[in-house]
Amino acid sequence: MSEETLEMRVYIGGLTQAVTDADVCGRFKPFGEVRSVELPLTATGEGCRGFGYVNMKITAAQWRRCVSLYTGAKWKGGKL
């Protein structure tokens, strides 16, 4: 019996300006199917504003593992 897959929109904080959509996609891909990444840009358009959203398909077990590994984790100079 397979676990139900959930559609989630996940807020991610603590990102640095240097983080890209591809970086975030690569970071979350091991846990489920990344549908899209949204990283609002600074007013000057020169980088990430420090937060973003990931839309993904993920099981509850994958989600629990993702949260346990990434909450408070240091990544690319920021703290998630």
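The values are calculated or read from the model by the stated rules, or taken from the named source; none is laboratory data. Everything numeric in this text was worked out from a predicted model, so none of it was measured. Backbone-built Cβ (ideal geometry, glycine too); neighbour counts: all protein chains shown. Note: accessible area is taken over every heavy atom of the protein model, side chains too, but ligands, DNA and RNA are not part of it. Shrake-Rupley method; radii C 1.70, N 1.55, O 1.52, S 1.80 Å.
Structure notes:
- Compared with the direct C-alpha span, the chain from Arg9 to Arg49 gains 12.6 nm at full extension, assuming 0.36 nm per residue.
- Against the chain, whose longest principal axis is taken from its Cα atoms, helix 60-70 shows a tilt of about 40°.
- The figure for Lys79 is an accessible area of roughly 130 square angstrom, using a 1.4 Å probe on the protein chains alone.
- Check: segment 1-49 dipole with +1 on Lys, Arg Cβ and -1 on Asp, Glu Cβ, in debye: 160 debye
- Potential lengthening between Ala22 and Arg35 on full extension [0.36 nm per residue; Cα-Cα distance subtracted]: 3.5 nm
- Bridgeable aspartates and glutamates around Lys76 (alpha carbons under 20 Å apart, same-chain partners fewer than 8 residues away excluded): Asp21, Asp23, Glu38, Glu46.
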